[in-house]
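Trainee: Below is a structure I'd like to ask you about.
The values are calculated or read from the model by the stated rules, or taken from the named source; none is laboratory data. Here the structure is a predicted model, which means the values were calculated and not measured. Glycine gets a Cβ as well: all are built from the backbone with ideal geometry, and neighbour counts include every protein chain shown.
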Amino acid sequence: MFPSVETIMTYGECSMKLVVVGCFGAYPPRNGATSGYLVEDHTTKVLLDCGSGVIASLQNYINLNELDAVVFSHYHRDHCADLECMQYATMIDMQLEKRKRPLVMWGNEDAGVIPSLDYEKYCIGMRYVEHVPFTIGGLRFTTQANKHDIPSFSIKVEDSQGGCIVYSGDTEYYDRFSDFAEGVDWLLCECSLYSDQRGQVEGHLCATEAGQIAARASVRNLALTHLPNYGDRESLIQEAGTIYGGKIVLAYPGMVLKI
């Protein structure tokens, strides 16, 4: 049995935490969601990606009007399907005076498939640039371009106390990613494939490759996410563990990674 949301949200002291809202690749399971991760410190709440089912699940943890910003890794639908619904929710909250400020939406400059991050006076679209830091409240963000079939970026989040999380977004293996994730407290790494599927799907990682990145980067902890909708997912931990000797966890809705 997983711990209750109330238990994991309030237990212990931390300067920053990441709540797994959705953790599946491609499509959401029944009552689940694809990519969505709530990062927060004591003053700031930011959503990383907003895939299918994320808005409904996010309301298990916060009110939508508490959200300060959304940062998109890329524009495949399992990472941004709920974008327009989030814009509508923001509009309604502002009209009802539940929200005082527009929601800021950060994304990359992908001319091929870029959605409209701006929405009237309710949402403000911002473009990030690789390796150029930007801040949202008390959190600092940096991005790095991945290897994927459309522009996709890994996202580093740092708090004022020196805590650091890297979220991989979608990517296949490349050496430079280990440099970007060097020594972080948590690497939240995509794990779309089982190790015997290595190389079968371009633009994605298998469990062994996720473990290899974590080992090369000497990260403190590894969380596997963007999980397949089939097979024995628990075996992914064992597969990654053949390369990486640190703590490995399998993401699930409601899991909290604390810094």
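Trainee: If you go through segment 204-236 one residue at a time, how many are without any contact (Cβ under 8 Å) to a residue 12 or more places away in the chain and among the acidic types (Asp, Glu)?
Mentor: Just the residues of segment 204-236 that are without any contact (Cβ under 8 Å) to a residue 12 or more places away in the chain, to begin with: 230, 232.
Then drop every residue that is not among the acidic types (Asp, Glu), which leaves 232.
Residues in segment 204-236 being without any contact (Cβ under 8 Å) to a residue 12 or more places away in the chain and among the acidic types (Asp, Glu): 1 in total.
Trainee: Sticking with this structure for a sec: Taking the stated definitions as given, is Val132 in a loop (DSSP other than H, G, I, E, B), modelled with pLDDT of 95 or more and out of contact with any Gly (no Cβ under 6 Å at 6 or more places or on another chain)? Let's see the steps before the verdict.
Mentor: On the way: in a loop (DSSP other than H, G, I, E, B): yes; modelled with pLDDT of 95 or more: yes; out of contact with any Gly (no Cβ under 6 Å at 6 or more places or on another chain): yes.
For Val132, the condition - in a loop (DSSP other than H, G, I, E, B), modelled with pLDDT of 95 or more and out of contact with any Gly (no Cβ under 6 Å at 6 or more places or on another chain) - is met.
Trainee: Of all residues in segment 138-168, which are out of contact with any Phe, Trp or Tyr (no Cβ under 8 Å at 6 or more places or on another chain), under 14 Å from Ser35 (Cβ atoms) and not polar (S, T, N, Q)?
Mentor: Within segment 138-168, just His148 meets the criteria.
Trainee: Please pick out the residue among Phe153, Phe177 that is in contact with a Ser or Thr (Cβ under 8 Å, 6 or more places away or on another chain), more than 23 Å from Ile237 (Cβ to Cβ), crowded, with 19+ Cβ neighbours inside 10 Å and of a type in the set (Phe, Trp, Tyr).
Mentor: Numbers: Phe177 fails: more than 23 Å from Ile237 (Cβ to Cβ).
Of Phe153, Phe177, the one residue that is in contact with a Ser or Thr (Cβ under 8 Å, 6 or more places away or on another chain), more than 23 Å from Ile237 (Cβ to Cβ), crowded, with 19+ Cβ neighbours inside 10 Å and of a type in the set (Phe, Trp, Tyr) is Phe153.
Trainee: Right, next: Of the conditions (1) under 20 Å from Ile124 (Cβ atoms); (2) surrounded by fewer than 22 Cβ atoms within 10 Å (Cβ to Cβ); (3) touching a Gly at 6+ places or on another chain (Cβ under 8 Å); (4) not polar (S, T, N, Q), Asp41 clears all except one; give me its number.
Mentor: (1) is the only condition that Asp41 fails.
Trainee: Answer yes if at least one residue in segment 220-237 is farther than 26 Å from Ser57 by Cα, modelled with pLDDT of 95 or more and buried (at least 16 other Cβ atoms within 10 Å of the Cβ), and no otherwise.
Mentor: Within segment 220-237, none of the residues are farther than 26 Å from Ser57 by Cα, modelled with pLDDT of 95 or more and buried (at least 16 other Cβ atoms within 10 Å of the Cβ).
Trainee: With surrounded by fewer than 18 Cβ atoms within 10 Å (Cβ to Cβ), modelled with pLDDT of 95 or more and under 21 Å from Glu158 (Cα atoms) as the only criterion, which of Glu84, Glu97, Glu66 stands out? Break it down stepwise before answering.
Mentor: Values: Glu84 fails: under 21 Å from Glu158 (Cα atoms); Glu97 fails: under 21 Å from Glu158 (Cα atoms).
Unique residue meeting the criteria: Glu66.
Trainee: Right, something else. Starting from residues that are among the polar types (S, T, N, Q) and touching a Leu at 6+ places or on another chain (Cβ under 8 Å), keep the ones in segment 185-226 and report whichever is farthest from Gly162 (Cα to Cα). Can you show your working first?
Mentor: To start, the set of residues in segment 185-226 that are among the polar types (S, T, N, Q) comprises 192, 195, 197, 200, 208, 212, 218, 221, 225.
Pick out the ones that are also touching a Leu at 6+ places or on another chain (Cβ under 8 Å) and you get 192, 200, 221, 225.
On the way: Ser192: 30, Gln200: 38, Asn221: 16, Thr225: 24 Å.
Result: Gln200.
Trainee: Turning to a different aspect of this structure: What do you reckon, is Ala81 within 29 Å of Met255 (Cα to Cα), in contact (Cβ under 8 Å) with a residue 24 or more places away in the chain and touching a Gly at 6+ places or on another chain (Cβ under 9 Å)? Break it down stepwise before answering.
Mentor: Working: within 29 Å of Met255 (Cα to Cα): yes; in contact (Cβ under 8 Å) with a residue 24 or more places away in the chain: yes; touching a Gly at 6+ places or on another chain (Cβ under 9 Å): yes.
Against the criterion (within 29 Å of Met255 (Cα to Cα), in contact (Cβ under 8 Å) with a residue 24 or more places away in the chain and touching a Gly at 6+ places or on another chain (Cβ under 9 Å)), Ala81 qualifies.
Trainee: Assuming Gln144 fulfils every condition listed in (1) within 27 Å of Cys14 (Cβ to Cβ); (2) part of a loop (DSSP other than H, G, I, E, B); (3) in contact with a strand residue (DSSP E or B) (Cβ under 7 Å, 6 or more places away or on another chain) apart from one, which condition is it?
Mentor: That leaves (2) as the condition not met.
Trainee: Please enumerate the residues belonging to segment 204-247 that are under 23 Å from His79 (Cβ atoms), touching a helix residue (DSSP H, G or I) at 6+ places or on another chain (Cβ under 7 Å) and not in a helix (DSSP H, G or I).
Mentor: Cys206, Leu222, Leu224
Trainee: Out of everything in segment 109-142 that is touching a helix residue (DSSP H, G or I) at 6+ places or on another chain (Cβ under 9 Å) and among the polar types (S, T, N, Q), what residue ends up being surrounded by the fewest Cβ atoms within 10 Å (Cβ to Cβ)?
Mentor: Per the stated criteria, the residue is Ser116.
Trainee: Please go through segment 181-203 and give me each residue that is assigned to a loop (DSSP other than H, G, I, E, B), at negative phi and without any contact (Cβ under 8 Å) to a residue 40 or more places away in the chain, ordered by number.
Mentor: Our first condition is that a residue be assigned to a loop (DSSP other than H, G, I, E, B); within segment 181-203, this holds for 181-185, 191-192, 194, 198-203.
Checking which are at negative phi leaves us with 181-182, 184-185, 191-192, 194, 198, 200-202.
Result: Ala181, Glu182, Val184, Arg198, Gln200, Val201.
Trainee: Any residue in segment 238-252 that is closer than 16 Å to Ser218 by Cα sitting within a Cβ distance under 7 Å of a residue that is in a loop (DSSP other than H, G, I, E, B)? List the pairs, counting only those 6 or more apart or interchain.
Mentor: Taking only residues 6 or more apart or on different chains, the pairs are Gly246/Val219; Gly246/Arg220.
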